[in-house]
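Working notes, beginning with the structure itself.
The values are calculated or read from the model by the stated rules, or taken from the named source; none is laboratory data. Being a predicted model, the structure only gives us computed values, none of them experimental. Note that each Cβ is placed from the backbone with ideal geometry, even for glycine, and that neighbours are counted across all protein chains shown. Note: areas computed on protein heavy atoms with side chains; ligands, DNA, RNA excluded. Shrake-Rupley method; radii C 1.70, N 1.55, O 1.52, S 1.80 Å.
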Amino acid sequence: MTNIKKRHFDILKLVKSLDITPSMYINAVEKYKSVAKYLQDHGIKCDIYPQGSFALGTVVKPINKSGYDLDTICKLFTEKSETTAKNVKTSIGDLFAKSERYKNAIEYDKC
């Protein structure tokens, strides 16, 4: 019985070591909320929220501490009939390209 308890403990320890830290979680939430606020402050009515492993709570801590992938959804509160994909790409891309904070974090080719 002791051997089973030790294995159980070891498995829990391993699983816990794979999860991101609370500070990594807070940092990620602050980042995508900051992007949403930036867009909203510039007239883009939107909401940004995580999807995939982050939304499911199954993010795996990166091996190197340089970063990890965070998939998000940006829901725009615009009627589809009032815009085009090109307009969305251009208006949001232009905003990020003008931003000191975000301009080096994006790859943006104007349409």
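Ignoring any ligand, DNA or RNA, what whole percent of the accessible area of the chain comes from carbon and sulfur when the probe is 1.4 angstrom? It is 57 percent, rounded to a whole number. Here the relative contact order of the chain, from alpha carbon pairs under 8 Å that lie six or more residues apart, stands at 22 percent.
What separates the Cα centres of the range 64-100 and the range 33-51 is a distance of 9 Å. Segment VAL60..LYS86, full-extension length gain: 5.9 nm, with 0.36 nm per residue of separation and the alpha-carbon distance subtracted. From the cross-link list LYS33/LYS110; LYS75/LYS103; LYS31/LYS89; LYS80/LYS110; LYS86/LYS110; LYS37/LYS103, which pairs have alpha carbons spaced over 18 Å apart? Distance filter (> 18 Å) returns LYS33/LYS110; LYS75/LYS103; LYS31/LYS89; LYS80/LYS110. Rounded to whole numbers, the Karplus 3J(HN,Hα) couplings from phi for the range 38-53 are 4, 5, 4, 5, 10, x, 8, 7, 7, 9, 10, 8, x, 9, x, 4 Hz, using 6.51 cos²θ - 1.76 cosθ + 1.60 with θ = phi - 60°, and x at Gly and Pro. Measuring with a 1.4 angstrom probe and ignoring ligands and nucleic acids, LYS5 comes out at about 140 Å² accessible.
Loop-located GluC sites (Glu not before Pro) across the range 41-111 with a Cβ neighbour count of 13 or fewer within 10 Å are GLU79, GLU100, GLU107, with loop assigned by DSSP. Couplings for the range 78-83, taken from phi via the Karplus curve 6.51 cos²θ - 1.76 cosθ + 1.60 with θ = phi - 60°, read 9, 5, 4, 5, 9, 8 Hz in order; Gly and Pro are left as x.
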